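Asks: Please see the structure below; I have some questions.
The values are calculated or read from the model by the stated rules, or taken from the named source; none is laboratory data. This structure is a prediction, so every number in the text was calculated from the model and none was measured. Cβ placement follows ideal geometry from the backbone for every residue including glycine, while neighbour counts extend to all protein chains displayed. Keep in mind that these areas ignore ligands, DNA and RNA; they rest on the heavy atoms of the full protein, side chains included. Shrake-Rupley method; radii C 1.70, N 1.55, O 1.52, S 1.80 Å.
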Amino acid sequence: MPKGHHYGRNQTRAYTTEYHRIHANVFKPLLKAPLGNYSISSEYLNDNHRKLKLEENKNGVRYVTFTINDKPHHIVLKLDNRSASNKLYITCPYCQKQRQSLYAIKNAYGCRQCIGLHYASQSERPQERLMRRIRKLRKELWGNDWPFVNDMFEQVAYWPKPKWIRWKTFEQKRNKITELEKRYWPMAVKQMETMFGKQFIPEHQK
Ligand SMILES: [Zn+2]
């Protein structure tokens with residue numbers, strides 16, 4: 001067990017190094033440059049990740065927009081005036097957090113954390129493992145033929161007790177599944193945010 005866990009962590013780290021990282025400093029000249037279209041000169045980036053539009057909002061905050069896969073990716077340039085070094089931060093288009101660098105991935109720019117989630121969700125999804133476990137436990141109680149047995153939008157709380165099982169045992173097993181279902185949903189929502197963007201973030205998660 002501990003070995004497997006350790007291995008998983010190494011894997012996560014490897015993902016970020018496969019992708020080209022752009023540091024906030026790359027954007028520093030844009031704080032004073034005229035607004036308009038620019039291109040990052042880098043042989044590692046493709047056209048979509050290179051071409052950007054520099055704009056400024058009413059409050060004088062500058063941001064750049066990349067059009068990747070026909071979708072706009074906004075990155076805000078935030079100068080930290082409190083520090084003597086005048087450090088520049090860039091915001092991640094997905095989580096909107098201030099970062100010192102972002103990574104170019106296939107159809108996006110994202111921070112290390114968001115990309116970690118993105119790739120974790122594509123390969124070894126924790127929520128997929130949890131989903132498999134939930135389905136397995138459901139089948140043990142209701143059998144393979146129960147129509148909703150694989151349906152993750154259905155909750156076992158309302159499903160009938162099979163005849164062969166005692167009430168007490170049934171309730172214990174059912175409550176266990178309900179508990180797992182409760183753990184499953186936040187993970188699934190988190191994954192949707194990462195894959196589809198912030199328009200999917202539920203209101204309460206701000
Ligand atoms: Zn992010």
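Asks: Within the stretch 161-177, how many residues turn out to be open to solvent by less than 70 Å² (accessible area, probe 1.4 Å) and over 34 Å from the mean Cα position of the chain (by Cα)?
Replies: Total meeting the criteria: 5.
Asks: Then there is this: Condition first: more than 16 Å from Ile22 (Cβ to Cβ) and more than 11 Å from the ligand (Cβ to nearest atom). Now tell me which residues in the stretch 96-109 satisfy that.
Replies: Within the stretch 96-109, no residue meets the criteria.
Asks: Cβ-Cβ below 8 Å, separation at least six or inter-chain, first residue in the stretch 72-98 and touching a residue at least 60 places away in the same chain (Cβ under 8 Å) and in a strand (DSSP E or B), second within 16 Å of the ligand (Cβ to nearest atom) and open to solvent by 60 Å² or more (accessible area, probe 1.4 Å): which pairs?
Replies: Listed pairs, sorted by first residue: Leu88/Lys78; Tyr89/Lys78; Tyr89/Gln98; Tyr89/Gln100; Ile90/Lys78; Ile90/Gln98; Ile90/Gln100.
Asks: Follow-up question, since we're still on this one. With the structure loaded, tell me whether Leu102 is under 20 Å from the mean Cα position of the chain (by Cα), at pLDDT 85 or above, at negative phi and open to solvent by less than 90 Å² (accessible area, probe 1.4 Å) or whether it fails that test.
Replies: yes
Asks: Take the residues of the stretch 78-95 that are within 16 Å of the ligand (Cβ to nearest atom) and at pLDDT 90 or above: which is farthest from the chain's Cα centre (by Cα)?
Replies: Lys78
Asks: Any idea which of (1) more than 15 Å from the ligand (Cβ to nearest atom); (2) part of a loop (DSSP other than H, G, I, E, B); (3) in contact with a helix residue (DSSP H, G or I) (Cβ under 9 Å, 6 or more places away or on another chain) is the one Arg138 doesn't satisfy?
Replies: Among (1) more than 15 Å from the ligand (Cβ to nearest atom); (2) part of a loop (DSSP other than H, G, I, E, B); (3) in contact with a helix residue (DSSP H, G or I) (Cβ under 9 Å, 6 or more places away or on another chain), the lone unmet condition for Arg138 is (2).
Asks: Under the condition of being at pLDDT below 85 and under 18 Å from Arg50 (Cα atoms), which residue from the stretch 105-129 is least open to solvent (accessible area, probe 1.4 Å)?
Replies: It comes out as Ile105.
Asks: Another one. Limited to the stretch 58-73, what total is found for residues that are farther than 15 Å from Thr91 by Cα and either touching an Asp or Glu at 6+ places or on another chain (Cβ under 9 Å) or open to solvent by less than 60 Å² (accessible area, probe 1.4 Å) (or both)?
Replies: 2
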